[in-house]
Amino acid sequence: MTALEAQNLTLSYDARTISRGLDVRIPDGRVTVIVGPNGCGKSTLLRALSRLITPREGTVLLDGADVRRMHGKQFARRLALLPQSSQAPAGITVGDLVARGRFPHQRMLQQWSADDQRAVDRAMSATHIAELSGRSVEELSGGQRQRVWVAMLLAQDAPVMLLDEPTTFLDVAHQLDILDLVRRLNREEGRTLVVVLHDLNQAARFADHLIVMKDGEVASHGSPGEILTEELLSDVFALEARVIDDPVFGTPLVVPIASRART
């Protein structure tokens, strides 16, 4: 079953075309990770799936419905996006920013509810930022701010969640915290997660479904064990590498040897 689908997309910025005839299917209830070289169209695809950009051609479907015909709040209750970079309003506190994730669930004249507060508290606890609630977002480190944005996304409580490089600015321990959280949201709550990552070994470890992009197209897709090969790494990433079994997790482990990219 497919929760989210792109059909025959042409994606452009002004006169520059990023993708043409792009078809992507996101499996429902799975963790999908998108990888590819810089500039291959990963973030552009997520922006199209989340309605931040309008395709020149083609259609994005969410649960079979054209997303362009969905009401804004209706869409936001179904799909949430964490973009690469976000700007917090000046002076806003961590708690207030996370609470903004509840906006799609608010109705005119509706008071803040116990359900809203529970969602915010749960999101802050899951991302380990509860003790930062009263602090200004501007005072935080890059890694702390990233966890605040992830918490706001969790508070939105959408069944489909898109995260564009969510481990940016995080040290290794907190990278694993975020990716473990992604897996937990999928395994325990059945949410559909789509994550853009640069680290191939993290992608192989956490993905159920892997999409590899090159030059605005899908070069390959499937389970990491099926598609992550030395030939693919050479073709897509210009990387000479060996792919072995991870001795702990049994997932593919990429061992880089040399780059074939031109400098």
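The values are calculated or read from the model by the stated rules, or taken from the named source; none is laboratory data. Because the structure is a prediction, the values reported are computed rather than measured. Please note: Cβ atoms are built from the backbone with ideal geometry, for glycine as well, and neighbour counts cover all protein chains shown. Side chains are part of the model used for accessible areas, which takes the heavy atoms of the whole protein and leaves out ligands, DNA and RNA. Shrake-Rupley method; radii C 1.70, N 1.55, O 1.52, S 1.80 Å.
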With (1) touching a residue at least 24 places away in the same chain (Cβ under 8 Å); (2) open to solvent by 40 Å² or more (accessible area, probe 1.4 Å); (3) touching a strand residue (DSSP E or B) at 6+ places or on another chain (Cβ under 9 Å); (4) not acidic (Asp, Glu) as the list, and residue 64 as the residue in question, which single condition is left unmet?
(1)
Among the listed residues 54, 17, which satisfies the condition of being assigned to a strand (DSSP E or B), surrounded by fewer than 14 Cβ atoms within 10 Å (Cβ to Cβ) and on the phi < 0 side of the Ramachandran plot?
17
Looking at the stretch 107-121, is at least one residue of a type outside the set (Val, Ile, Thr), in a helix (DSSP H, G or I), within 16 Å of the chain's Cα centre (by Cα) and farther than 15 Å from residue 94 by Cβ?
no
Name the single residue that is most open to solvent (accessible area, probe 1.4 Å) among those in the stretch 82-100 being under 23 Å from residue 51 (Cβ atoms) and in contact with a strand residue (DSSP E or B) (Cβ under 8 Å, 6 or more places away or on another chain).
84
Do you know which of the residues in the stretch 1-37 that are in contact with a strand residue (DSSP E or B) (Cβ under 9 Å, 6 or more places away or on another chain) and acidic (Asp, Glu) is nearest to residue 52 (Cα to Cα)?
5
Within the set of pairs 6 or more residues apart or between chains, which connect a residue that is without any contact (Cβ under 8 Å) to a residue 24 or more places away in the chain inside the stretch 135-149 to a residue that is small (Gly, Ala, Ser) and crowded, with 21+ Cβ neighbours inside 10 Å with Cβ atoms less than 9 Å apart?
none
Residue set 52, 97, 79, 45; condition at pLDDT below 95 and not polar (S, T, N, Q); output residue 52
